[in-house]
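Worksheet: one structure, shown below.
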Amino acid sequence: MATLIKDISLQEAIPTRIIFEKHIEFIKEYGQKDNSYEYGMTDYLRVSGMYWGLTALELVNSLPPQFEFVEYIKKCQDPSSGGISACLKHDPHILHTLSAVQILCIYNYLDAIDVDGVVRYIKSLQQQDGSFMGDKWGEIDTRFSFCAVATLSLLNRMDAIDVNKAVDFVASCKNFDGGFGSRPLSESHAGLIYCCVGFLSITNRLDIVDRDTLAWWLCERQLPSGGLNGRPEKLPDVCYSWWVLSTLTILGRLHWIDQDSLKNFILACQDTETGGFADRPGDIADPFHTLFGLAAMSLLGHESIQKVNPTFCMPQHVIDRLQLKPQIFID
Amino acid sequence: MSDSSDENDSQYVLYRDRPEWKNVTPLKQDDADEPVVAIDYTEAFVDCFDYFRAILKNKEISERALELTQTAAHLNPANYTVWQYRRDILKGLDKDLNEELDYIETVILKQTKNYQVWHHRKVIVEWLKDPSKEKYLTEAVLTKDAKNYHAWQHRQWVIKTFKLFDGELDYVDCLITDDVRNNSAWNQRYFIINNTTGFTEEVLKREIDYTLLHIKIVTENESAWNYLRGLLLHAKEGLSKNKRVSDFCEELYASGNRSPFLLAVIVDMCCEVASDGAGDTRYTVERAKELCGELMTKYDKVRANYWQHMIETMDNVGKKGTEDEGSSVN
């Protein structure tokens, strides 16, 4: 029977290098355009957006001075719950709380916020079954389990939550194919696998992972174009270059995929006119895919990009400064 | 915002020009002192969110505030604060939640990949304790995008919370008939069985038959092969000793089929037999290594390093029996 694989074909002229100067310009200018309708439309993800942009800039040694960012984050902390919101006057959310803490760690400026407040907030979101809500409105999935332990680990306050119960919940989301989903028995998905394996790396419980079953499933994400998808029969996307590669790195199985064809796919996702990376060639570039394109290239050993930590998606020197050693498999 | 929006209609009136809003002072976005970015939104957007910030600040619970959240959600459906405040208002005014279900359905059908709108739906269903419209809604979404993760998550939540398993296996069967590679549907199959009958011997037999039938239709189908492996995790005899499965694989192989997934299963059967030390003579380490070699060079070149690893693992199995390969964590 003929095989039809869902994939894309790459353009003829693929850039042969990472156009760093364009990407730096792209991120620095993002959102500063006069067309600020975009700015208003994205206020609900502002602090995470800052994390994507600033981490990307730091990875290519172009981090801007901290002042305005730290001041902004400070104002986004809700004094009563302790959580941090996406932007001023919004409600706090665990996604932005992690992003804020990551930015402050990069700048080495945790004093800017009420750390005890953040710890109190994370603790308040843990449920009886060990899972975490994203905010007080009760949405639950494994992304928030990752956010909770990543935040507390960066603050060196893991003792604040019931780690064993949190582990039990994540373990209950492991599927028969070795992957993980958002909730128990939800379909395996590379983004959620990163969250769960990252969670287990932080909590030192990689023993729960079926190492080679999962690594093989992740390798199956690579398509003939070289790109990686997030689930069977889906199109490749640069952000999965990060989620699949970081997990394979934690599993010590990065060498199982075809690195050259993946590098080629990532290079092809650069917008040579505007700068930045898009999800796939020809689409509109954004800071989210730009960070994950650069971070993936870092894992693949690009010499001009700083080493990135696969668990935290932060510069390795920051993780070293914090003396954190998230677990990874080594042969 | 690609769909036709109210604010573009000629009759759309800005909030600042509506008489019923005269007593509210709109609240400008407070980014002024440290302008990370200059601001110049479109007029309707600025106008609406200035009033939204004002009602949020005054904690106004009213019909007009409810209407305002609808406009704000339309302008930016991903803004979770808008939805949260809308729920406060719905509760405060003791609104008919069935109307809200109808409204959010129209939003979801336009915004199928938005976390906030699905979560809003879930909360309203919880408040109403009425799941009767949820299967229909998720089916409407899945008809257009059969792998939509949000729709599947919502459907699983509803089915599990309100015990609506009846008929679900038939629905999944339709989806698999439609697209045999639909991994979400195969996963849903597992979800239903796991939550109802469990994988009893009888169910296993039925499911193995079902899966083999579908593998026969498309042999290069990762989802069906993975499901088969998932089933066999529940079988006492393991991968290699299920005669039905091994005969099927051998027949397929003999017919000349070289699907990487078929070869991979035979490789694993060989490994299993080798580490058990005894069993089917069709499954030997030598055969597995040969297959891995073919996968590396011919049938699955992208994953050559994985197959190389398998060869090395088998060399170790040959030497050390069932011992662990000696990996460590750090």
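For region A:308-331, which positions are away from chain B (no Cβ under 14 Å), surrounded by 15 or more Cβ atoms within 10 Å (Cβ to Cβ) and assigned to a loop (DSSP other than H, G, I, E, B)? Selection gives A:Phe312, A:Cys313, A:Leu322. B:Ile215 satisfies every condition listed in (1) open to solvent by less than 20 Å² (accessible area, probe 1.4 Å); (2) more than 25 Å from A:Leu223 (Cα to Cα); (3) within 12 Å of chain A (Cβ to nearest Cβ) except (2). Provide a single number: the residues in region A:194-235 that are within 22 Å of A:Met297 (Cβ to Cβ), among the hydrophobic types (A, V, I, L, M, F, W, C) and open to solvent by 20 Å² or more (accessible area, probe 1.4 Å). Counting residues in region A:194-235 that are within 22 Å of A:Met297 (Cβ to Cβ), among the hydrophobic types (A, V, I, L, M, F, W, C) and open to solvent by 20 Å² or more (accessible area, probe 1.4 Å) gives 1.
Looking only at residues of region A:104-150 that are at pLDDT 95 or above and at positive phi, we find that the one that is least open to solvent (accessible area, probe 1.4 Å) is A:Gly130.
Scanning region B:233-261 for residues that are modelled with pLDDT under 95, open to solvent by less than 20 Å² (accessible area, probe 1.4 Å) and of a type in the set (A, V, I, L, M, F, W, C) returns a single hit, B:Ala235. Taking the criterion of being closer than 22 Å to A:Asp331 by Cβ and open to solvent by less than 10 Å² (accessible area, probe 1.4 Å), would at least one residue in region A:182-193 satisfy it? Yes, region A:182-193 contains a residue that is closer than 22 Å to A:Asp331 by Cβ and open to solvent by less than 10 Å² (accessible area, probe 1.4 Å).
Under the condition of being open to solvent by 10 Å² or more (accessible area, probe 1.4 Å) and in a helix (DSSP H, G or I), the residues counted in region A:279-291 number 3. Among the residues of region B:61-99, those identified as without any contact (Cβ under 8 Å) to a residue 40 or more places away in the chain, open to solvent by 10 Å² or more (accessible area, probe 1.4 Å) and either more than 14 Å from B:His120 (Cα to Cα) or acidic (Asp, Glu) (or both) are B:Ile61, B:Ser62, B:Glu63, B:Leu66, B:Glu67, B:Asp88, B:Gly92, B:Leu93, B:Asp94, B:Lys95, B:Asp96, B:Glu99. One residue stands out among those in region A:53-69 that are open to solvent by less than 50 Å² (accessible area, probe 1.4 Å) and in a helix (DSSP H, G or I): the one that is nearest to the other protein chains (Cβ to nearest Cβ), which is A:Phe69.
Scanning region B:65-86 for residues that are more than 8 Å from chain A (Cβ to nearest Cβ) and not hydrophobic (A, V, I, L, M, F, W, C) gives B:Glu67, B:Thr69, B:Gln70, B:Thr71, B:His74, B:Pro77, B:Tyr85, B:Arg86.
Condition check ((1) more than 21 Å from A:Arg321 (Cβ to Cβ); (2) over 19 Å from the mean Cα position of the chain (by Cα)) across all residues:
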residue: A:Lys136; (1), (2): yes, yes
residue: A:Asp141; (1), (2): yes, no
residue: A:Ala148; (1), (2): yes, no
residue: A:Asn156; (1), (2): no, yes
residue: A:Val163; (1), (2): yes, yes
residue: A:Ala166; (1), (2): yes, yes
residue: A:Ser172; (1), (2): yes, yes
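Looking across region B:183-223, the residues that are within 21 Å of B:Asp166 (Cα to Cα) and not in a helix (DSSP H, G or I) come down to B:Thr196, B:Thr197, B:Gly198, B:Phe199, B:Thr200.
Every residue, every condition in (1) more than 10 Å from every other protein chain (Cβ to nearest Cβ); (2) touching a Lys or Arg at 6+ places or on another chain (Cβ under 8 Å), yes or no:
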residue: B:Phe162; (1), (2): yes, no
residue: B:Asp170; (1), (2): yes, no
residue: B:Ser184; (1), (2): no, yes
residue: B:Asn194; (1), (2): no, no
residue: B:Gly198; (1), (2): yes, no
residue: B:Val203; (1), (2): yes, no
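Evaluate region B:203-215: report whether one residue or more is at pLDDT 95 or above and either in the same structural domain as B:Ser275 (by TED's automatic domain parsing) or small (Gly, Ala, Ser) (or both).
Scanning region B:203-215 turns up no residue that is at pLDDT 95 or above and either in the same structural domain as B:Ser275 (by TED's automatic domain parsing) or small (Gly, Ala, Ser) (or both).
For A:Asn264, the conditions (1) open to solvent by 30 Å² or more (accessible area, probe 1.4 Å); (2) of a type outside the set (D, E, K, R); (3) closer than 21 Å to A:Ile330 by Cα all hold with the exception of (3).
Filtering region A:126-169 to residues that are away from chain B (no Cβ under 14 Å), in a loop (DSSP other than H, G, I, E, B) and within 25 Å of A:Cys105 (Cβ to Cβ) leaves A:Leu155, A:Asn156, A:Arg157, A:Ile161, A:Asp162.
The values are calculated or read from the model by the stated rules, or taken from the named source; none is laboratory data. None of the values given here were measured: they were computed from a predicted structure. Glycine also receives a Cβ, built like all others from the backbone with ideal geometry; neighbour counts cover every protein chain displayed. Just the protein is used for accessible areas: all its heavy atoms, side chains included, with ligands, DNA and RNA removed. Shrake-Rupley method; radii C 1.70, N 1.55, O 1.52, S 1.80 Å.
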